[in-house]
Amino acid sequence: MVKKGEVVKKVAKKAATVLLGVLAGAANILFGGGGGMLAVPALQYGAEVDEKRAHASAIEVMLPLSVASAVAYTVRGVWDVTLGLTVSAGAVVGGAIGALLLKKVPKGGLSLIFYAVMVYAGIRFLV
Amino acid sequence: MRIVWLLLAGVVGGVLGGMGLGGGTLLIPILIFLLDVPYPLAAWVNLVAFLPTALVAGVLHAKNKMVEWRRVGVLLAFAAVGVLIGFFLAPALSETVIRRAFGIFLIVFGSCSLFFVFVGYFKKKHDKRNILH
């Protein structure tokens, strides 16, 4: 016989996948980002994928979503090639640095600062 | 001079994204508050800036067999529904509403993540002590 607790757990995991998945898509198009922050826990807790694989898989989820969202903005007339290219160029350099740093620097301290700044930025959006 | 700041903003977002911290969530506020990029354009820039790096990372992860493709497919199906909802909802929402929602999103996720980082830190310390005894 299947235990009741296990069934509840299974349903909760499925529900987490559905909810976080839909929210990731909606956040990505409405805010222009942040979907990855929902896709990672969706994979980690909803589908029991380990942290590293969850991060890797989340990128594959976010790629088509971001293309679709970017196209939607462009179609509605929101785009600026110079601005896009400049920031992208910086992001490519930064992405390479980040990937190298990841292997050498412990993430702990940096993530604390990062999340604190995130909360601060959130407050700035409200006031 | 502005172009240098925009490049730097991209670098900061890229570093954080490359470390798997979610650089986009910080690149958008940097563009809006520090560089006066209007809201919808900042969102578009972030989406576009994510693509080249993510493409490289995506190919590398796939090559290293780090991707759970079946899970990706399932999640993508639900996320596509979310994108559609967002697409049709967006024109009905004012910029103020979206900015507030994003603010709440950042506060909720920032504080949840801070909480988990602390829990992880104390758990590690606790486990170490248990091993010693």
When the solvent-accessible surface of protein heavy atoms is calculated with a 1.4 angstrom probe, in what order do A:59, B:3 fall, highest first? B:3, A:59
Probe 1.4 Å, heavy atoms of protein chains only: per residue, the accessible area of chain B in Å² is 57 Å²
Return one whole number: the accessible area per residue of segment A:81-127 in Å², for a 1.4 Å probe. 55 Å²
Check: C-alpha center segment B:1-38 vs C-alpha center segment A:1-52, spacing in Å is 27 Å
Report the accessible area of residue B:36, computed with a 1.4 Å probe over the heavy atoms of all protein chains in place, in Å² rounded to the nearest 10. 130 Å²
Give the cross-link partners of residue A:14 among the lysines, using a straight C-alpha distance below 22 Å as the criterion and excluding same-chain residues fewer than 8 apart. A:3, A:4, A:52
Per DSSP loop assignment and a cutoff of at most 15 other beta carbons within 10 Å, chain A keeps its longest run without exposed trypsin sites (Lys or Arg not before Pro) at A:4-75
Relative contact order of chain B, pairs being alpha-carbon contacts under 8 Å that are 6 or more residues apart, as %: 15 percent
Calculate the translational D of the protein assembly as shown in whole µm² s⁻¹ from Stokes-Einstein, where the hydrodynamic radius comes from the Kirkwood formula applied to all Cα pairs, the temperature is 4 °C and the viscosity 1.567 mPa s. 69 µm²/s
With all protein chains present, segment B:2-133 has a carbon and sulfur share of its accessible area (1.4 Å probe) in percent of 74 percent
Against the longest principal axis of chain A, how steep is helix A:81-104, in degrees 0 to 90 to the nearest 10, with axes from Cα atoms? 50 degrees
What accessible area per residue comes out for segment A:1-79, rounded to a whole number of Å², with a 1.4 Å probe? 50 Å²
Run the numbers on segment B:1-24: which residues show a drop of 20 Å² or more in accessible area, chain on its own versus all protein chains together, using a 1.4 Å probe over heavy atoms? B:3, B:6, B:7, B:10, B:11, B:14, B:15, B:16, B:18, B:19, B:20, B:21
In whole percent, the fraction of accessible protein surface over chain A that belongs to carbon or sulfur atoms, probe radius 1.4 Å, stands at 73 percent
Work out the P(r) tail for chain A: percent of alpha carbon pairs separated by more than 24 Å, whole number. 45 percent
The protein assembly as shown, helix-only ellipticity at 222 nm - DSSP H runs n ≥ 4, -39,500 (n - 2.57), divided by all residues, nearest 500: -28000 deg cm²/dmol
With a ≥ b ≥ c taken as the square roots of the eigenvalues of the C-alpha gyration tensor of segment B:1-64, please select rounded if a/c is under 1.5 and otherwise prolate if a/b is larger than b/c or oblate if it is not? prolate
Relative to the longest principal axis of chain B, what angle (0 to 90°, nearest 10) does the C-alpha long axis of helix B:2-18 take? 30 degrees
As computed over segment A:81-127, the Cα convex hull volume per residue (Å³): 71 Å³
Relative frequency of Cα-Cα separations exceeding 22 Å in chain B, percent: 56 percent
Heavy-atom accessible surface buried between A and B, both sides counted, 1.4 angstrom probe, nearest 100 Å², is 7200 Å²
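The values are calculated or read from the model by the stated rules, or taken from the named source; none is laboratory data. In this text the structure is predicted, and so the values were computed from the model without any measurement. We place every Cβ from the backbone using ideal geometry, glycine too, and count neighbours over all the protein chains shown. Note: accessible area is taken over every heavy atom of the protein model, side chains too, but ligands, DNA and RNA are not part of it. Shrake-Rupley method; radii C 1.70, N 1.55, O 1.52, S 1.80 Å.
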